[in-house]
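The values are calculated or read from the model by the stated rules, or taken from the named source; none is laboratory data. Source: prediction; values computed, not measured. When we count neighbours, we look across all protein chains shown, and the Cβ atoms used for this are built from the backbone with ideal geometry, even at glycine. Keep in mind that these areas ignore ligands, DNA and RNA; they rest on the heavy atoms of the full protein, side chains included. Shrake-Rupley method; radii C 1.70, N 1.55, O 1.52, S 1.80 Å.
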Amino acid sequence: MAMVDQPLYPIAVLIDELKNEDIQLRLNSIRRLSTIARALGEERTRKELIPFLSENNDDDDEVLLAMAEELGVFIPYVGGVEHANVLLPPLETLCTVEETCVRDKSVESLCRIGAQMKEQDLVEHFIPLVKRLAAGEWFTARVSSCGLFHIAYPSAPEVVKTELRAIYGQLCQDDMPMVRRSAATNLGKFAATVEAPHLKSDVMSVFEDLTQDDQDSVRLLAVEGCAALGKLLEPQDCVAHILPVIVNFSQDKSWRVRYMVANQLYELCEAVGPDPTRSELVPAYVRLLRDNEAEVRIAAAGKVTKFSRILSPELAIQHILPCVKELSSDSSQHVRSALASVIMGMAPVLGKDATIDQLLPIFLSLLKDEFPDVRLNIISKLDQVNQVIGIDLLSQSLLPAIVELAEDRHWRVRLAIIEYIPLLASQLGVGFFDDKLGALCMQWLKDKVYSIRDAAANNIKRLAEEFGPDWAMQHIIPQVLDMVTDPHYLYRMTILQAISLLAPVLGSEITTSKLLPLVINASKDRVPNIKFNVAKVLQSLIPIVDQSVVENTIRPCLVELSEDPDVDVRFFASQALQSSDQVKMSS
């Protein structure tokens, strides 16, 4: 008897938990639907579980969202693709709820199921569902239906295809702006499935209605449709239908629409091709760069390099560069920041002479900007300019600015400079580097901010890798020797970190003769934090130095630290001793 009752138990638990007042229990049971479906078997899942879910009208959005997600991957549990249609009714109900994220997830799950369904089932079950939703009394159903047309359309018979195109046209003229927005959002996907003759007649007329909508929230979504439709149309049709719309949108009375055009302009240029871009879209782009809304200028400034790549250098210098100069002194710091993040990429487009004459002064003014993000964005892309103008000119014009920024009051700017130093070092060469930047690198080891000291220690290691152990012996080790006795314990700790990073680069001999004595001396420090860091450093040195040095110098020191009064010092010392034993055994 127990064996007969067992399959009933999961569904009984599910039903109990789904009716429980505790939302967490209801959520847990929904997330275990696949387990319950397995226990029930395919037939009972179809006949009992799915109808139960269709009737279950839980009012909590979190539970409904989880259900919509689970049902999207439920085809294997109902008996495969031939029975997929049983999953449509519960998802159809979820497509009509008020919460947007539940509807979106339901549409996503329906698309996933529809993509796997057989053509006959799509015609019999999926297409009627799309029609019902599109004719729904409540706007939520009509909003959801827009996202399903691209799945339903390809399998429909010719008569039904005509009907679906007409229904979509009605949705694009719906009284509710939310429905028109959904239609505008999904137009690109739907258009991709429509045959070429109907694309020009039906879809383009629908698109033109959307571009003239009185709601800016609908028009700005139509901007995205421009790029999607442009890729589907022949070049000449694209110029005839899409280009005038883009030009009008770039002068739209709503700044949100102009912002969308500025954001999408590069994709729009790809859609219409290079020649119309040069003749029609350059003036439109220049207008956007000079827009009176800062948000539009930010979006346009961020595309300045991408747009310049489409043009010839002459056109970029003639039309885009004057705008770039204006933007570099824009009243909005966010516009200058957006420009600074991409302006370096213009150097390869414009070539060496134009970069030196026109761009370099703009770089220098942005490097001295009062807003730290602007300076940061320029520093992080300096290597792109170096490839164009060469290191001599870069060092003459930009190095003074870099040295100034190395002492910037914003620590993130100093951090960006430190991270750029190894790249600069490799390009400047050792002689130039020692003269100008060597002192700075050691100075950062005593910065007030830990992140800077940490980055400075890593920086010294990377420089030692770049210039070799002999250079490090001459320029780094003497200064490390001086700083290891600094009165401030945090700086002494940074030096210990630098030693552990330098040791693998400098090799066994220099580590044993120069660095190890410093670490052993530091073990006598009165600050426990220094002592347990000594234990950590000694542990990192064990694999680098000879076994005899470990036995004669490192182990005695660690044994002494393992008897220290401080519990942390004892812990790290004993950890290092264990590591030493393991190395000994393996060798």
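With +1 on each Lys and Arg Cβ and -1 on each Asp and Glu Cβ, and nothing else charged, work out how big the dipole of the chain is about its Cα centre, in Debye to the nearest 20.
With only Lys, Arg, Asp and Glu charged at Cβ, the dipole is about 1260 debye.
Shown for region 480-586: the carbon plus sulfur share of the solvent-accessible area, taken with all protein chains present and a 1.4 angstrom probe, equals 53%.
With K and R counted +1 and D and E -1, the other residues having a Cβ less than 12 Å from that of Lys531 yield a net charge of -1. Estimated at the nearest 10 Å², the accessible area of Glu92 is 40 Å² with a 1.4 Å probe.
Sparse packing (at most 16 other Cβ atoms within 10 Å of the Cβ) combined with a DSSP loop state is found for the following trypsin sites (Lys or Arg not before Pro) in region 500-587: Lys524, Arg526.
Look at the alpha carbon pairs under 8 Å that are at least 6 residues apart: their mean separation over the length of the chain gives a relative contact order of 5 percent. Ordered by solvent-accessible area of protein heavy atoms (1.4 Å probe), largest first, the residues Met483, Met473 come out as Met473, Met483. For region 480-586, a simple Cβ point-charge model (Lys and Arg +1, Asp and Glu -1, everything else neutral) yields a dipole of about 80 debye relative to the Cα centre. Once the 1.4 Å probe is applied to the protein heavy atoms, the chain comes out at 45 Å² accessible per residue. When the alpha carbon gyration tensor of region 480-586 is reduced to an equivalent ellipsoid, the three semi-axes, largest first, read 20, 18, 10 Å. Loop-resident trypsin sites (Lys or Arg not before Pro) (DSSP state other than H, G, I, E or B) in region 289-350 with no more than 14 further Cβ atoms inside 10 Å of their Cβ: Arg290. Ranking of Leu243, Leu481 by solvent-accessible surface, largest first: Leu481, Leu243 (1.4 Å probe, protein heavy atoms only, all chains present).
Counting only protein heavy atoms and using a 1.4 Å probe, the accessible area of Met178 comes to about 70 Å².
Straight-line reach from Lys253: taking Cα to Cα under 24 Å and skipping same-chain neighbours fewer than 8 places apart, the lysines in range are Lys303. Rounded to the nearest 10 square angstrom, Ser574 shows an accessible area of 50 square angstrom against a 1.4 Å probe. For the chain, the longest principal axis of the alpha carbon atoms and the long axis of helix 528-541 meet at an angle near 80°. The residues Lys352, Lys161, sorted by heavy-atom accessible surface at 1.4 Å with ligands and nucleic acids left out, run Lys352, Lys161 from largest to smallest.
Counting other Cβ atoms within 10 Å, which trypsin sites (Lys or Arg not before Pro) in region 201-260 have at most 16 and lie in a DSSP loop? Taking region 201-260 and a limit of 16 other Cβ atoms within 10 Å, the loop trypsin sites (Lys or Arg not before Pro) found are Lys253. With the Kirkwood sum run over all distinct C-alpha pairs, region 20-112 has a hydrodynamic radius of 13.1 Å.
For the set Lys131/Lys189; Lys131/Lys231; Lys189/Lys231; Lys461/Lys514, the pairs lying more than 20 angstrom apart at their alpha carbons are Lys131/Lys231.
The distance from the alpha carbon centre of region 472-493 to that of region 307-330 is 49 Å, rounded to a whole number. For the chain, taking Cα atoms only, Rg and Dmax work out to 33.9, 92 Å respectively. Just want the answer: with Cβ charges of +1 for Lys and Arg and -1 for Asp and Glu, which residue in Ala503, Pro244, Ser329 is farthest toward the dipole's positive end in the chain? Checking the options against the dipole of the chain, the answer is Ala503.
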